Every structure is written in structure tokens, then in C-alpha cells.
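Heads up: the structure comes next, in C-alpha cells.
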Amino acid sequence: MSSRSLRVGVVIRTKDRPGFVTRALRSVMDQTYPGWRVMLVNDGGDQIALEAAIAADGLAPLFASDAMQALHLPVSIGRSDAFNLGAQTLDTEFVCCLDDDDTWAPGFLEALLDLHDRTLPLAPDLGGVAALVTAVREDLVTLDGTETLITLGEDDLSHAFRRTDFFLNPIAYATYRHDLYPVQWMLNREAVLAAGGFPSAFNVMEDRAFMTLFLQRWRVAILDQKLAFHHRRTRRKGDTQQSIVLNTLDNPSYDWRLFSDLAKIPLNSLPDDAGDGASNSERAGALLRATAATIIKELNDETSGLWHKINGETATLKARLEALDARVGGVSAVPEAETPPEAQVWSLWTELGAQDAGFGLGVDTPFLSRLSLSMADAQPGLMMHASRAQNRMVVQIPCTHDWAALEVSLDGLVKPGHGLRCELIVSHPTGYLFETALSVTQRDRRGRVSQALEVGYVHSCPPGGSVRVVRDFPVESFERDARCKFSVALPRQASDFRLIVHDLVVSLL
């Protein structure tokens, strides 16, 4: 494809993150629109490691064909200048800024080009287009010695990212009421360069400072489709980039506050080429825009404080109403264990004591002496918190996949001539079905060991309520395996599942 038919240039800034950048490159390669060129700016990172990752992912031929080009900088010039250099080196009509840990849907470029070409005749000052965004929560873990990205789910975004305006509102953008990430936009490259690109002095907020000035001259149309993906990691060990919380208004960083204010329109804002001969109308227009932005910012700050106060009070009132509904009868109260303490041979709360406990969980790794989480595969985000004062233990599982169960080891609790009673009390806000059974060890003819569930029974935890389960296992149940487990099998393929246990008791029959 000739350079004239390459309408879109994509700048990808990276530094020592080869595991991320190959995913971003694949995201461009998978685009349905073919007329693109990538400028990969390696901002002082390890060139050998980057090229090795590109080769291992089968992307080296694209760099040999000039579809993708790499600029390897011997020393870092910073995030802003890395983008500016990439934009200057391209010769395309448009430029995109795809951070090395973000991605696009395959139709991103094609859909935005179509929106631009349809809108330009109606808005001659159209400087670019953008799509809506999905925030993806993920974790970077090491599996079998290899760093792997695991998707955990979708994060909520503020209303500023979900507005339905056709054009990005310049005043709302300057006051954080309308927002974009760089992964969302595709802008006219010459207009980007004329606006000065990303300001070199900024180490955060560079895209906001740039866009605030860009919107003084050009409009940006917003496509009402989620075609961009902004990836956020829950843990960032070894990640040398800025923390994702720098993208939120709640971050207390002094640098963030400094560059946040610098990115806004100053009161004496004028076009860069206005000079001393700027007309009175130009000066008046610039002053009016800046004054409006300043006033709206103050109103925004004030209303935000009031909103947080009202929101907090509403949440407290809602919780009190829900508690009242439960007492009146809208939701059944959580029952208590009926087994008397003197008959118990093991109890969750006796084991825990008065102190709260909270920690991450491992698969088949015992906790609280007899409990364990049985799953087919390990995954990040397995956590437990137990509080006797709150009368609940919560086990959090990002995804139950095909098998997940909370198990209680009965080893040493079985007495000659006695069976065991297992009493369990659980609750859940939306309800679910679960199964209880004995998990016993069995061997096949070759001596291979596996676990099997016996005497299983399915229970229903009602929405917003609780259920008490009592399972009696006679002495005959333990004749083959006295070290078996009481297994609470959870729903399959449940995402962000929370098992809420109010009591768990084992006693002799």
C-alpha cells in the first residue's frame, strides 16, 4: 500500500514493557481498516528485550515491511516528547496515541474514519474524532515462570467518560465534566503539531494539557460506540510507569495537582499566533472562555463536595432502611447455629477467636486450621476476611470457573462409633444454588488418587436472605476414608463471587 493511502498513523510509546507492547501492536494489526502505519517509540528502554518480544510474537515481518517502524532512543526523552517525535516522524493524515498497555476493538479505525468523513462537511473545524471507552481491570501474574496478563473484569468510569454529547465540550473538558483517554481519539496530525503536541514539561496530565489547547481551535466528534479499552492493573510490581490512580481526581499527588491546574485555560489565554496585534474580539473571546472555565471549575468543585456528602448520607440511609426491612420481615434474619458449644468438635468462630483475620488465599492451602479452597486452577484475587464482631466470613473468588468449593477437613474429628454433623449458615444479596457433600479419597486400579463427592445435596440461598444447612453423616460414611472433607460446592462460572458464611460448626452424632 502506498504512503498516500495510509491515512492513519499510530504512535505507541513504550519503555521496558515488552509484555504489554506486543498486545498493543496486535491490536493495531487486527484492525479492519488496512491503511495504517505504526511508529513505535522505544523511550530509552532495552532494545534487545523489545525486539526479542516482537520476534517471539511473530511481529518482526511487519517491521521489516515498514508497516511498523521503531524509533529506539538511547536515553529517555519523556512521555510527551516521545509522542511528539512519533507524530512528527509520521506522514499520515491522522495520528492516534495508543499507550503500550491499551488496546482497540478491530473496528476502531474504520468506524472513526467513517464518522470523520461524514461529519467534516457539516463541521469544517472538525479536528478529530473519538470513540467511547471500556476500563478493563487486570492483573499481571507469573505462571510457570512467564508473566501473564489476567483479565479480572470491567471497572466503573465516571460520568465524564459516559456523556452523550456529539462533540467534546471544551469547557466541560477543562473542568473535568467531559473526559477522554488518549486511547479513544484519532486527530488530524497537522492540527496536533500546530497545537504544539504534548507539553514537554509535563510528567503527568500531558494529554489533558494538550487537548485543552487543541479544543480552542478544533472540534472533536464522539462516536457512541465502546471501541477503545483502557487497561488498569490491580498490582503493579515491576511496572515502572506511573500508577493508574494518577488518572483519577482523588489522587493527592502534589505533581498531579500542579499539572492539573496548568492544564486548564489561563485567564490570559490567546491563540499562539495572535501576537501583539490580536484583535479586540480575539482577546475578548479568549478572556470570556477562560473566565467561564474558571467560574465553572469553582461551581464544579463546590457541587462535587456537596454530591459526595449527599451520596454518603444516602448510602447510610439506604443501609438503615435495608436493616429495618429485614427486622420488619422483608428479609429473613440470619439464623444462629443450633448445635450447643459442648457438642462441637470444631467451630469457625472458636478457631478464629476475637481478632479479625484477612489475607489472600491459595488453592488447596489450609487456612484457619481446617478450611481450604478447592479449585481447578490458581488465580489472582482469592481473598478471605473473617470478623466475629460482624458475624461473617467472606471468601472472594474472581471466577469460580468449572469447579470451586470451600472444604472443611474432617481428619481427626471422627471418633469410633460416631458420625459427624456439619452445620453451615450462609447468605447472599442475590442468591444462588450450591451443593454440600463429602469429598472422599479414592484410588483406581493403577493406584492413582482422586477426590469424589458422595451423598451430595443441592441447597438454595434466597436473594437477600440466608439459609441454615445441617448435614448428618453417619459412621458408615467414614469407613472408607476417615480423613474426608465436608465440601461446599459453589456455582460454576460465577464472576466476582462472594461466599458469605455466618457460622460453620462440626459436631459428633
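Annotation for T430 and D224: the two label points, set 7 Å from Cα along the Cα-Cβ direction, are 2.7 nm apart.
Heavy-atom accessible surface of D156, to the nearest 10 Å², is about 140 Å², with a 1.4 Å probe and all protein chains retained.
For the range 381-509, what is the convex hull volume of the alpha-carbon atoms per residue, in Å³? Each step should come with its number before you reach the end.
On the way: hull volume 15.7 nm³, N = 129.
Roughly 122 Å³ of hull volume per residue.
Directionally averaged projected area (the range 17-69, Cα convex hull): 3.5 nm². Solvent-accessible area per residue in the range 370-412 equals 38 Å², computed with a 1.4 angstrom probe and all protein chains kept. Fully extending the segment from W403 to V469 would add 21.7 nm, taking 0.36 nm per residue of separation and subtracting the current Cα-Cα distance. The length gained on full extension between T89 and E351, counted as 0.36 nm times the residue separation minus their Cα-Cα distance, comes to 87.8 nm.
The values are calculated or read from the model by the stated rules, or taken from the named source; none is laboratory data. Predicted model only: the values in this text are computed from it and were never measured. So basically every Cβ, Gly included, is an ideal-geometry build from the backbone, and we count neighbours across all protein chains shown. Ligands, DNA and RNA are excluded from the accessible area calculation, which covers all protein heavy atoms including side chains. Shrake-Rupley method; radii C 1.70, N 1.55, O 1.52, S 1.80 Å.
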